[in-house]
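Novice: If you scroll down you'll find the structure; I have some questions about it.
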Amino acid sequence: MNQNNRPEELEADEQYVLTAGSSWAGKRIDAFLAGTCDGFTRSFLQKLIKEGRVQVNGQTVKASFKISGGETVCLAVPPPQAADILPEPIPLDILYEDEDLIFINKPKGMVVHPAAGHPSGTLVNALLYHCSGSLSGINGVLRPGIVHRIDRNTTGSLVACKNDRAHLFVAEQLKEHTITRKYRAIVHGRLTEDGTVNAPIGRHPVRRKEMAANVPGGKPAVTHYHVLKLFKDYTYIECQLETGRTHQIRVHMKSIGHPILGDEIYGPARCPAAGLQGQTLHAMTLGLIHPSTREYIEVNAPLPEYFQSLLMRLPQA
């Protein structure tokens with residue numbers, strides 16, 4: 001978004017005035033807004049369009065409206081809604097916290113935000129209690145403070161934002177792929193050298209709840225992996241993300257024939273390794289530029305005890 005049109009912090013009924021350049025000609029209005037309004041999801045922007053909060057040259061439009069180039073686009077962000085999800089006194093493993101950000105070491109089995117089948121007991125419920133409701137509202141009432149996610153059965157580092165200014169700043173870094181994200185994983189098979197998987201990821205054409213690599217319409221995705229230790233039948237690796245697609249590491253490692261140990265969706269149907277507690281994937285390192293100090297800050301979440309124990313028990317090469 002043009003810096004001249006972005007306020008220091010979002011307020012109720014904030015108005016954004018944008019000019020659609022010629023490079024957007026032929027593109028849908030929701031695609032234009034998603035590409036120029038940092039920090040807002042496309043689904044959230046489509047909701048605003050449906051509510052009549054988007055005008056092109058003074059006229060409300062549908063999400064399918066095509067840009068010609070040169071139009072004036074006005075976006076009216078509604079006041080934050082009061083969240084109807086309840087704060088819950090769930091213990092948090094806090095890695096770092098200040099007035100803008102809170103870094104959490106998320107445990108296995110915790111869902112990040114309420115969704116179908118998980119109305120409570122989520123990280124959001126815990127954050128609402130711990131932060132007394134002081135969380136950014138950009139991602140809507142079900143995802144206050146949430147700027148990125150990790151899977152339910154992935155452990156480790158996750159950052160939440162306490163205000164909209166911080167959220168927009170962190171979201172911009174996510175968009176530009178400048179946030180450091182390093183994971184630890186154990187994969188099936190023996191990887192003898194480091195490598196990179198550069199394969200777009202999209203929805204599986206048949207199993208719609210799964211993602212897949214190299215599918216038509218997939219989004220660019222890049223994962224770098226580094227071999228840490230070889231075992232008889234497995235490899236302990238570190239993965240660094242350039243992008244952050246859904247299930248990215250799990251899908252990419254499966255695509256090269258080395259799925260994550262314990263992955264019930266992308267791994268083999270039967271797994272002989274003992275002592276598993278779901279997939280062995282841990283978000284260890286998370287680093288970004290702080291929204292207020294403009295200094296680099298990095299946290300490291302220690303490996304869960306079960307993960308460390310498993311590394312000690314796996315048969316050596």
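The values are calculated or read from the model by the stated rules, or taken from the named source; none is laboratory data. It should be emphasised that the depicted structure is a prediction, and the values quoted were computed from it without experimental measurement. For neighbour counting, all protein chains shown are included, and Cβ atoms are generated from backbone atoms with ideal geometry for every residue, glycine included. Ligands, DNA and RNA are stripped out before the accessible areas are found, and what is left, the full protein with its side chains, is counted by its heavy atoms. Shrake-Rupley method; radii C 1.70, N 1.55, O 1.52, S 1.80 Å.
Novice: Taking a ≥ b ≥ c as the square roots of the eigenvalues of the Cα gyration tensor of region 175-301, is the shape rounded (a/c under 1.5), prolate (a/b larger than b/c) or oblate? Can you show the working numbers first?
Specialist: Details: a/c = 1.92, a/b = 1.26, b/c = 1.52.
It is oblate, given that a/c is not under 1.5 and a/b is not larger than b/c.
Novice: Below 8 Å between Cα atoms, with a sequence gap of 6+, how large is the relative contact order for region 272-317 in percent? Before the final figure, lay out the partial values.
Specialist: Working: 32 pairs, mean separation 16.8, N = 46.
This gives 36 percent for region 272-317.
Novice: Take region 158-202, compute every pairwise Cα distance, and split them into 10 Å bins from 0; I just need the percent in each bin.
Specialist: Distribution as computed: 18, 36, 28, 16, 3 percent.
Novice: Mind running the shape call on region 99-140? Use the C-alpha gyration tensor, a ≥ b ≥ c as the square roots of the eigenvalues: rounded below 1.5 for a/c, prolate if a/b tops b/c, oblate otherwise.
Specialist: Values: a/c = 1.98, a/b = 1.36, b/c = 1.46.
Judged from the Cα gyration tensor, region 99-140 comes out oblate (a/c at least 1.5, b/c at or above a/b).
Novice: Quick one: with all protein chains in place, what share of the accessible area of region 146-216 is carbon or sulfur, to the nearest percent (1.4 Å probe)?
Specialist: Details: 1450 of 3280 Å².
After summing per-atom areas, the C and S share lands at 44 percent.
Novice: Specify the residue with the greatest mean-square fluctuation among Y16, Y266, Y296, computed from a Gaussian network of the chain linking alpha-carbon atoms under 10 Å apart.
Specialist: Y296
Novice: Sticking with this one: Please report the antiparallel percentage of the DSSP beta bridges confined to the chain, to the nearest 5.
Specialist: On the way: 58 of 60 bridges.
That works out to approximately 95 percent antiparallel.
Novice: Leaving out ligands and nucleic acids, note down the accessible area per residue over region 241-303 with a 1.4 angstrom probe, in whole Å².
Specialist: On the way: 2800 Å² over 63 residues.
Solvent-accessible surface per residue comes out at 45 Å².
Novice: When the helix-only estimate is applied to the chain (DSSP H runs of n ≥ 4, each -39,500 (n - 2.57), divided by the residue count), what is the mean residue ellipticity at 222 nm, nearest 500 deg cm²/dmol? Please report the intermediate quantities before stating the final value.
Specialist: Numbers: 6 runs with 54 residues, N = 317.
Taking each H run of at least 4 residues, the total per residue is -5000 deg cm²/dmol.
Novice: Also, quick follow-up: In nm², what is the average projected area of the convex hull enclosing the Cα atoms of the chain?
Specialist: Numbers: hull surface 69.0 nm².
Its average projected convex-hull area is 17.2 nm².
Novice: Here is a follow-up. Considering lysine pairs in region 133-254 that are 8 or more places apart or on different chains, how many have Cα atoms under 28 Å apart?
Specialist: Taking the Cα cut-off of 28 Å, the pair count is 15.
Novice: If amide hydrogens are placed 1.01 Å from N in the peptide plane, which non-local residues have theirs closer than 5 Å to the one on L95?
Specialist: Counting only residues 5 or more places away or on other chains, the set is F103, I104, N105.
Novice: Can you give the accessible area per residue of region 58-155, in Å², using a 1.4 Å probe? The partial results should precede the final answer.
Specialist: Numbers: 4600 Å² over 98 residues.
Spelled out: the 1.4 Å probe surface of region 58-155, per residue, equals 47 Å².
Novice: Whole-Hz ³J(HN,Hα) for each residue in region 57-67, computed from phi via Karplus 6.51 cos²θ - 1.76 cosθ + 1.60 with θ = phi - 60°, x for glycine and proline: what do you get?
Specialist: Couplings: 6, x, 10, 5, 9, 8, 4, 7, 4, 9, 6 Hz.
Novice: Can you bin region 176-247 into rounded, prolate or oblate? Criterion: square roots of the alpha carbon gyration tensor eigenvalues sorted a ≥ b ≥ c, rounded for a/c under 1.5, prolate for a/b above b/c, oblate for the rest. Please list the in-between numbers first.
Specialist: Working: a/c = 2.46, a/b = 1.47, b/c = 1.68.
Oblate shape, in that a/c is at least 1.5 and b/c is the bigger or equal ratio.
Novice: Let me ask something else. Pick out which of A283, A212, A115 has the largest mean-square fluctuation in a Gaussian network model of the chain, springs linking Cα atoms closer than 10 Å.
Specialist: Checking each option, the largest mean-square fluctuation is seen for A115.
Novice: Using only Cα atoms and rounding to the nearest 10 degrees, what angle (0 to 90) does helix 164-175 make with the longest principal axis of the chain?
Specialist: For 164-175 against the chain, the angle is about 60 degrees.
Novice: In what sequence, highest mean first, do 101-107, 228-234, 177-183, 58-64 appear when ranked by Cβ atoms within 10 angstrom?
Specialist: Details: 101-107: 21.6, 228-234: 15.1, 177-183: 18.1, 58-64: 12.4.
The densest-packed peptide leads the list: 101-107, 177-183, 228-234, 58-64.
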